[in-house]
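*Asks:* Would you mind keeping the following structure in view while I ask a few things?
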Amino acid sequence: MLPQPIQDLLALLKEHGSSTEGIFRLAVSQRACREVRDALDSRVLVQLANQPVLLLAVLLKDLLRNIPSKLLSVQLFEEWMNAMEKTCRQERLAALKEMASKLPGANLLLLRHLLSLLSSISRNVATTKMTAGNLAICLATNLLSPPQEVPLDVLALETGKVTKLVEFLIDHHEELLGEQVAGLASKGDEETPAPQAELETAEVPPIAPEREQQRSFSGEKRFPGSSRNTRKQRATWEEGSDGPPSQKKSKTELSGMGN
């Protein structure tokens, strides 16, 4: 199982994201994001279902950005890139399936839910104004990056390759990872539906890579089991989960991505 806050975010975004224009692209109040993040880190009860959908999207992006070794695993960077170099569609799909099988179980579970969410948003592009390519530009660097520092010009090229990879994963996620994923139950399901934020009504322009938020979830607080985590911080994620030990093991696996 995924940690409950991740389940809540994914469930709410799956419900409301496909009807939200500019999701994962439009900015939100830095103060509002900081307040929600600080509340979650302080183990204060937060009704995520009452937060604007755009803010929930930013929270999920921050969370993805701070996964140790990235969701797609930086150790597998070159192999992901090699798989994308296959010119034959079927060979590329086969290579990417093999790559997905190399991910830790918790990484793969989160990837399945994330791609299902992004696919549903891109399919409703008339409303969201977000194609698979737009979403890939907004999220690619949060999912995978080179394993070591590289010159800026090289980084730009590598980022472009990762963006193409994420776009392909969104467009072909059913062929790669299965047609369906199990639904996620949000704690806010019985609460008031997440309100829609006021959005700009202009046509969506080509999207440039977003700037890093000034404040983001701290990896050690948001994912238990990271190198600097404490028992108190681990409780932040595991609070509200009364599952058996096998479930807690899955959470640890998620936190130790790429280790």
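*Asks:* Taking a ≥ b ≥ c as the square roots of the eigenvalues of the Cα gyration tensor of the stretch 15-80, is the shape rounded (a/c under 1.5), prolate (a/b larger than b/c) or oblate?
*Replies:* Oblate, since a/c reaches 1.5 and b/c is not below a/b.
*Asks:* Calculate, for the stretch 21-141, the solvent-accessible area per residue in square angstrom, rolling a 1.4 angstrom probe over the heavy atoms of the protein chains.
*Replies:* On the way: 4620 Å² over 121 residues.
Heavy-atom accessible area per residue stands at 38 Å².
*Asks:* Here's something else I'd like to know. What is the stretch 1-144's relative contact order, in percent, from Cα pairs under 8 angstrom and six or more apart in sequence?
*Replies:* Numbers: 134 pairs, mean separation 54.3, N = 144.
Contact order relative to length: 38 percent.
*Asks:* Using each residue's phi in the stretch 159-167, evaluate 6.51 cos²θ - 1.76 cosθ + 1.60 at θ = phi - 60° and report the 3J(HN,Hα) Karplus result to the nearest Hz, with x for Gly and Pro.
*Replies:* 3J(HN,Hα) across the stretch 159-167, in whole Hz: 5, x, 5, 5, 4, 5, 4, 5, 4.
*Asks:* Let me know the shape class of the stretch 13-134, please: from the alpha-carbon gyration tensor, a ≥ b ≥ c as square roots of the eigenvalues, rounded when a/c is under 1.5, otherwise prolate if a/b is greater than b/c, or oblate. Walk me through the numbers on the way to the answer.
*Replies:* Values: a/c = 2.58, a/b = 1.55, b/c = 1.67.
Because a/c hits 1.5 or more and a/b fails to exceed b/c, the stretch 13-134 counts as oblate.
*Asks:* Roughly speaking, to the nearest percent, how much of the stretch 5-76's 1.4 Å accessible area is carbon and sulfur?
*Replies:* Details: 1170 of 2400 Å².
Answer for the stretch 5-76: carbon and sulfur cover 49 percent of the accessible area.
*Asks:* With the Cα gyration tensor of the stretch 130-181 giving a ≥ b ≥ c as the square roots of its eigenvalues, does the rule (a/c under 1.5 for rounded; else a/b larger than b/c for prolate; else oblate) give rounded, prolate or oblate?
*Replies:* Prolate, because a/c is 1.5 or more and a/b exceeds b/c.
*Asks:* In whole percent, how big is the carbon plus sulfur part of the accessible area of the stretch 114-161, probe 1.4 Å, protein atoms only?
*Replies:* 62
*Asks:* Please list, in order along the stretch 4-16, the HN-Hα scalar couplings obtained from phi with the Karplus expression 6.51 cos²θ - 1.76 cosθ + 1.60 (θ = phi - 60°), rounded to whole Hz, x for Gly and Pro.
*Replies:* Once rounded to whole Hz, the list reads 4, x, 5, 4, 4, 4, 5, 5, 5, 5, 5, 6, 10.
*Asks:* Also, I was wondering about something else. Output the peptides 7-18, 23-34 sorted from most to least packed, where packing is the average of other Cβ atoms within 10 Å over each peptide's residues.
*Replies:* Result, highest mean Cβ count within 10 Å first: 7-18, 23-34.
*Asks:* Sticking with this structure for a sec: Using a 1.4 Å probe and ignoring any ligands, DNA or RNA, find the accessible area of GLU98 and quote it in Å² to the nearest 10.
*Replies:* 110
The values are calculated or read from the model by the stated rules, or taken from the named source; none is laboratory data. Just so you know, these numbers come straight off a predicted model, no measurement behind them. With ideal geometry, Cβ positions are generated from the backbone for all residues, glycine too; neighbour counts draw on all protein chains shown. Remember, those area values only see protein heavy atoms, side chains included, never the ligands or the DNA or RNA. Shrake-Rupley method; radii C 1.70, N 1.55, O 1.52, S 1.80 Å.
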